[in-house]
1. Which residue pairs have Cβ atoms under 7 Å apart, sit 6 or more places apart or on different chains, and have a first residue in the range 203-215 that is within 14 Å of ligand 2 (Cβ to nearest atom) and a second that is acidic (Asp, Glu) and part of a loop (DSSP other than H, G, I, E, B)?
2. Of these, 32, 26, which one is more than 16 Å from ligand 2 (Cβ to nearest atom) and farther than 20 Å from residue 100 by Cβ?
3. Taking the range 33-86 only, how many residues are farther than 18 Å from residue 145 by Cα and of a type in the set (Lys, Arg)?
4. Go through 46, 34, 28 for me and flag whichever is more than 16 Å from ligand 1 (Cβ to nearest atom), aliphatic (A, V, I, L, M), on the phi < 0 side of the Ramachandran plot and surrounded by 24 or more Cβ atoms within 10 Å (Cβ to Cβ).
5. Quick one: residue 97 ticks every box in (1) in a helix (DSSP H, G or I); (2) away from ligand 2 (no atom under 16 Å from the Cβ) bar one, so which box is it?
6. Against the condition surrounded by fewer than 18 Cβ atoms within 10 Å (Cβ to Cβ), of a type in the set (S, T, N, Q) and either in contact with a His (Cβ under 7 Å, 6 or more places away or on another chain) or modelled with pLDDT of 85 or more (or both), how does residue 324 come out, does it pass?
7. Among the candidates 482, 425, which residue alone is part of a strand (DSSP E or B), closer than 23 Å to residue 514 by Cβ and in contact (Cβ under 8 Å) with a residue 40 or more places away in the chain?
Amino acid sequence: MENKSERIIIFDTTLRDGEQCPGATLNIDEKLTIAKQLARLGVDVIEAGFAFASPGDFEAVNKIAQIVGTETGPVICSLARARKEDIKAAAQAIGPAAKGRIHTFIATSDIHLKYKLKKTRKEVLAIAEEMVAYAKSFTDDIEFSPEDAGRSEPEFLYEVLERAIAAGATTVNIPDTVGYTTPSEFGALIKGIKENVRNIDQAIISVHGHNDLGLAVANFLEAIKNGARQLECTINGIGERAGNAALEELIMALHVRRQYFNPFLGRPAESEEPLTNIDTRQIYKTSRMVSNLTGLLVQPNKAIVGANAFAHESGIHQDGVLKNKLTYEIMDAQLIGLTENQIVLGKHSGRNAFRSRLRELGYELTETELNKAFVRFKEVADKKKEISDWDLEAIVNDEIQQAPDLFKLELVQVSCGSNAKPTATVTLRTPEGEELIDAAIGTGPVDAVYKAINRVIKVPNQLIEFSVQSVTAGIDAIGEVTIRLRHEDRVFSGHAANTDIIVASAQAYVNALNRLYAWLQNQPQPEEVNA
Ligand code: KIV
Ligand code: ZN
């Protein structure tokens with residue numbers, strides 16, 4: 001195989017490495033929703049999870065393999081440590097996919113060998129070779145990662161990679177596990193691999209990197225210049241600690257600066273052919289979906305998908321942009337799918353109009369999801385005369401969010417004001433169907449609501465993040481509330497949208513508590529295994 005692909009392969013690990021972020025835990029239906037959107041976005045490979053880690057992870061990988069892993073869909077991949085039991089679980093989980101991949105890894109840096117694995121280099125070499133060969137007995141598409149490659153001794157790394165390729169690895173992935181390298185160092189590492197691993201032309205060189213020093217994307221771009229042809233990244237850059245390389249930043253860098261990158265892929269500089277398979281117009285929607293479902297907010301100044309990424313505040317900039325956009329804009333917001341916020345529907349719009357606008361926006365809902373979303377749409381349209389595309393997205397994302405339906409919020413009522421004690425009454429239906437009513441006084445209306453809910457759902461927790469954002473401008477805008485709460489050392493998130501922000505706050509809290517409650521019910525769980 002030529003170690004040169006015609007384009008850059010995008011390997012999305014939002015559902016595996018991204019999900020390892022505290023509080024990002026997604027349930028199976030949410031993972032499936034994201035996987036479908038990743039397929040629409042056009043990623044080449046979805047790392048759907050770590051099948052051996054827990055029965056839930058196995059089921060998620062397996063379901064994504066069944067539903068999203070079609071002939072024309074992306075490759076579905078599962079992570080596996082270099083152990084037989086992990087590899088076997090990965091192989092079973094990806095089984096239903098038309099194109100499945102096993103991604104197996106073992107650490108190669110001396111610090112990991114000494115303290116984590118307690119193994120010699122010789123032992124690691126033998127394990128890598130044996131486990132890649134074992135994985136190959138299940139499927140042809142095998143990826144091998146020498147974990148902490150960024151801090152591994154290059155000569156040893158070359159040897160491990162050569163043995164892994166000889167045993168059947170078709171992709172060798174070079175992780176900067178701790179986000180330690182600088183762009184020129186990372187580029188040189190890839191160059192060294194190309195020049196010193198004798199059989200490297202039989203595999204694709206992939207890169208994986210964490211953002212501890214904020215350098216992951218820069219490192220990847222340097223890696224491409226030196227021969228890397230697969231990028232492992234996540235939506236919004238979510239992931240362990242400071243996160244992974246952000247997909248949207250990589251894609252737009254390759255798009256906006258394609259004349260610069262073309263020659264490194266053996267193309268004429270002026271070639272207009274896209275460097276990746278990604279449909280850039282799906283980027284914004286995917287970012288919003290991942291943020292809503294994981295509860296991980298996108299910082300306003302985040303490149304590409306942050307709320308301010310296309311906003312011009314200074315008078316000089318605004319003046320320039322009005323005269324010619326190119327004065328201060330290097331890309332058009334429409335390229336990432338950030339459309340004009342058109343008013344599209346209203347109180348009298350029917351189901352068909354609702355369904356067809358959703359289709360135009362790229363949402364294919366099941367009949368049940370559509371029914372639920374339509375009821376919500378009517379409720380919102382009653383309060384807010386004009387419904388825009390952004391409102392529709394908020395309604396749909398809220399409806400397809402699959403927080404376990406254990407406690408149901410039936411009523412929330414508050415009384416507050418300058419001379420009143422904020423008091424809230426809530427009615428909740430328990431998982432057993434019993435109706436429970438309670439009331440509380442708080443420092444403000446949201447505090448009172450949360451205290452009242454806590455009196456019903458008696459699970460100790462600490463609220464660690466609460467944020468309200470309005471979907472559109474205007475006094476009647478839908479408010480989106482995202483919260484994160486901690487129970488012992490675990491974080492759970494909740495999200496809800498409503499024109500009434502007190503109701504949205506209550507619902508977001510109940511959603512997070514339902515996740516926590518579901519998790520508690522499943523205790524004790526098998527030991528969690530993190531890469
Ligand atoms: O960061 C890392 O090293 C990983 C590997 C499992 C690829 O996530
Ligand atoms: Zn990682």
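1. So the pair list comes out as 210/240.
2. Just one listed residue meets the conditions, 26.
3. Qualifying residue count, the range 33-86: 3.
4. Only one candidate qualifies: 34.
5. Just one mismatch for residue 97, condition (1).
6. In short, no.
7. 482
Yes/no per residue for (1) in a loop (DSSP other than H, G, I, E, B); (2) in the same structural domain as residue 244 (by TED's automatic domain parsing); (3) in contact (Cβ under 8 Å) with a residue 40 or more places away in the chain:
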residue: 16; (1), (2), (3): yes, yes, yes
residue: 26; (1), (2), (3): yes, yes, yes
residue: 31; (1), (2), (3): no, yes, no
residue: 38; (1), (2), (3): no, yes, yes
residue: 43; (1), (2), (3): yes, yes, yes
residue: 46; (1), (2), (3): no, yes, no
residue: 51; (1), (2), (3): yes, yes, yes
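The values are calculated or read from the model by the stated rules, or taken from the named source; none is laboratory data. The model shown is predicted, which means the values in this text are computed figures rather than measured ones. All Cβ positions, even for glycine, are placed from backbone atoms using ideal geometry, and neighbour counts span all protein chains on display.
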